[in-house]
1. Being within 28 Å of S167 (Cα to Cα) and among the polar types (S, T, N, Q) is the filter; apply it to region 67-115 and report the residue that is nearest to the chain's Cα centre (by Cα).
2. Kindly list, by first and then second residue, each pair from a residue in region 238-262 that is touching a residue at least 40 places away in the same chain (Cβ under 8 Å) to a residue that is of a type in the set (D, E), limited to pairs with Cβ atoms under 6 Å and residues at least 6 apart or on different chains.
3. Looking for whichever is under 21 Å from L247 (Cα atoms), assigned to a helix (DSSP H, G or I) and of a type in the set (V, I, T) here; the options are I66, I14, I29, I46. Which one fits?
4. Examine region 65-80 for a residue that is of a type in the set (K, R), closer than 17 Å to F130 by Cβ and surrounded by fewer than 23 Cβ atoms within 10 Å (Cβ to Cβ), and state whether such a residue exists.
5. As an exercise: evaluate K90 against (1) assigned to a helix (DSSP H, G or I); (2) in contact (Cβ under 8 Å) with a residue 24 or more places away in the chain; (3) surrounded by fewer than 18 Cβ atoms within 10 Å (Cβ to Cβ) and give the number of the one condition it does not meet.
6. So, of the residues in region 167-207 that are of a type in the set (S, T, Y) and at pLDDT below 95, which turns out to be farthest from V156 (Cα to Cα)?
7. Name the pairs: first residue in region 165-176 and in contact (Cβ under 8 Å) with a residue 60 or more places away in the chain, second residue surrounded by fewer than 18 Cβ atoms within 10 Å (Cβ to Cβ) and among the aliphatic types (A, V, I, L, M), Cβ to Cβ under 7 Å, at least 6 apart or on different chains?
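The values are calculated or read from the model by the stated rules, or taken from the named source; none is laboratory data. Note that the coordinates shown come from a computational prediction; the quantities given were computed from them, not determined experimentally. Note that we place each Cβ from the backbone using ideal geometry, even for glycine, and neighbour counts take in every protein chain shown.
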Amino acid sequence: MAWSPSPSPFKDDIVKGKVALVTGGGSGIGLEISKQLGKHGASVVIMGRRNHVLDAAVSTLRSLSIPAIGFEGDVRKQEDAKRVVESTVKHFGRLDILVNAAAGNFLVSSEDLSSNGFRTVMDIDSVGTFTMCREALKYLKKGGPGRYSSGGGTIVNISATLHYTASWYQIHVSAAKAAVDAITRNLALEWGADYDIRVNGIAPGPIADTPGMGKLAPEEIDSKARDYMPLYKLGEKWDIAMAALYLASDAGKFINGTILVVDGGLWLSQPRHLPKEQVKQLSRTVEKRSRGESALVGVPKAKL
């Protein structure tokens, strides 16, 4: 059955007049965030490494009557980050929202992961996030070029929950996302105080119909994983986009330095080792035993 998005709980103009730059905005979660920001009034710039993906995404956004443009660029390269940020301001006149959704991922055991592979993911996720933030700073900060309001802009970094405990075969991504969370909190502290810029993160769980799920969770693994998800289902790209819209808009105007986990509670859970009915039976047995022992307390040994 074809997926259809739920109606938005937000007003159509909640980010009206804002300009948003979304890295990795050509596909997956990044594209859905771009759509929802645009549907709620923002002009949207997407940044990515593949021109044909950018062109298709821009066409999709414009078909929804969203003012949109795409710029090719690699977040790992400072010159690309600088060029895309400046091109965004040149085209739309300002920059209010930066969403860092570009990411790299693949499954590999630690002993088979090369230093170059580890470094590549760190560069895209963590170094790329910092580089984009740094280049956007002068346009996002209070009173910066192209800013007409007295307040600063906002940054949303897409993270993960992998590093909250540990994850099989994803040491590189766990390290990179831990760094992204640290970047988010530190920039929130410094830039919130100095420039009135709010910096927050979103940690998605498994999201259906995304390149990440295709790489990391083959269908047979996915069906088993649902058995121990608290909500027994995958999330939707819409869920992450709504979280981004909340954090980027005035609805989240007093939220800063927070990593919003959007995973249905999955990071809290573990596979069930015992069926629920078996647990109930064990509980009743233990309770009966406890009652028997309680009844014997204070009874003289001679009577036992």
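1. Restricting to residues being within 28 Å of S167 (Cα to Cα) and among the polar types (S, T, N, Q), the top hit is N100.
2. Every condition considered, the pairs that remain are A241/E32; I259/D181; V262/D239.
3. Going through I66, I14, I29, I46 in turn, the sole match is I29.
4. Yes, there is a match, as at least one residue in region 65-80 is of a type in the set (K, R), closer than 17 Å to F130 by Cβ and surrounded by fewer than 23 Cβ atoms within 10 Å (Cβ to Cβ).
5. The number of the failed condition is (2).
6. Y169
7. Final answer for the pair search is Y169/L107; Y169/V108; Q170/L107; I171/L113; H172/L113.
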